[in-house]
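The values are calculated or read from the model by the stated rules, or taken from the named source; none is laboratory data. Quantities reported herein were computed from a predicted structural model and do not represent experimental measurements. All Cβ positions, even for glycine, are placed from backbone atoms using ideal geometry, and neighbour counts span all protein chains on display. Quick note on the areas: whole protein, heavy atoms, side chains included, nothing else; ligands and nucleic acids left out. Shrake-Rupley method; radii C 1.70, N 1.55, O 1.52, S 1.80 Å.
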Amino acid sequence: MGNHASLRAIGAEMVVFEGVTAKGRVNGLHFDLTVEQRYRNASATNVEAVYSFPVPWGAELMSLEFELNGKTLAGTVVPRAVGEARYEGAIDKGDTAVLLERAGDGLYTANVGN
């Protein structure tokens with residue numbers, strides 16, 4: 001995946017990148033950065049996608065929100081097995097779900113389904 005953000009659909013569906021906005025704020029010795037990326041499902045079916053993104057060395061991921069069809073999804077930290085089970089259960093029921101995992105040094109992946 002390299003050192004850049006990427007989103008890919010699992011399967012043949014297309015996910016179209018529509019744009020990005022970044023806003024920063026200096027707060028004492030801290031720099032808070034909010035990045036908004038917009039993608040569109042170009043198919044008529046539900047898509048499960050994997051979003052991978054790096055976080056710079058020394059930075060902390062403070063939160064992650066997804067807005068899907070006007071609905072904002074935000075999560076909580078739980079043990080990996082619990083998170084995976086909740087994600088799979090939601091997908092199986094046809095609900096929208098997001099599973100965020102730390103993949104390695106500064107690299108995160110988020111599975112987004114339905």
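With a ≥ b ≥ c taken as the square roots of the eigenvalues of the C-alpha gyration tensor of the chain, please select rounded if a/c is under 1.5 and otherwise prolate if a/b is larger than b/c or oblate if it is not? Judged from the Cα gyration tensor, the chain comes out prolate (a/c at least 1.5, a/b above b/c). Were the residues from residue 46 through residue 84 laid out at 0.36 nm apart, the gain over their Cα-Cα distance would be 11.7 nm.
Stretch residue 25-residue 74 to full length: gain in nm at 0.36 nm per residue minus the Cα-Cα span?
On the way: separation 49, 0.36 × 49 = 17.64 nm, distance 2.17 nm.
Result for the pair: 15.5 nm of gain on full extension.
Can you give me the C-alpha center-to-center distance between region 5-53 and region 69-114, rounded to a whole angstrom? A separation of 15 Å, based on Cα centres. Roughly speaking, to the nearest percent, how much of the chain's 1.4 Å accessible area is carbon and sulfur? Solvent-exposed carbon and sulfur of the chain make up 52 percent of the total. Computed from point charges on the beta carbon alone (+1 for Lys and Arg, -1 for Asp and Glu), the dipole magnitude for the chain about its Cα centre is near 160 Debye.
Helix 80-93 and the longest principal axis of the Cα set of the chain meet at an angle near 40°. Heavy-atom accessible surface of the chain, averaged per residue, reaches 73 Å², computed with a 1.4 Å probe. Given R₀ = 22 Å, what would the calculated FRET efficiency be for residue 114 paired with residue 36, taking r from the Cβ atoms and rounding to 0.05? Taking R0 as 22 Å, the efficiency between residue 114 and residue 36 is 0.55.
Only Cα pairs under 8 Å and 6+ residues apart enter the sum, and on that basis the relative contact order of the chain stands at 25 percent.
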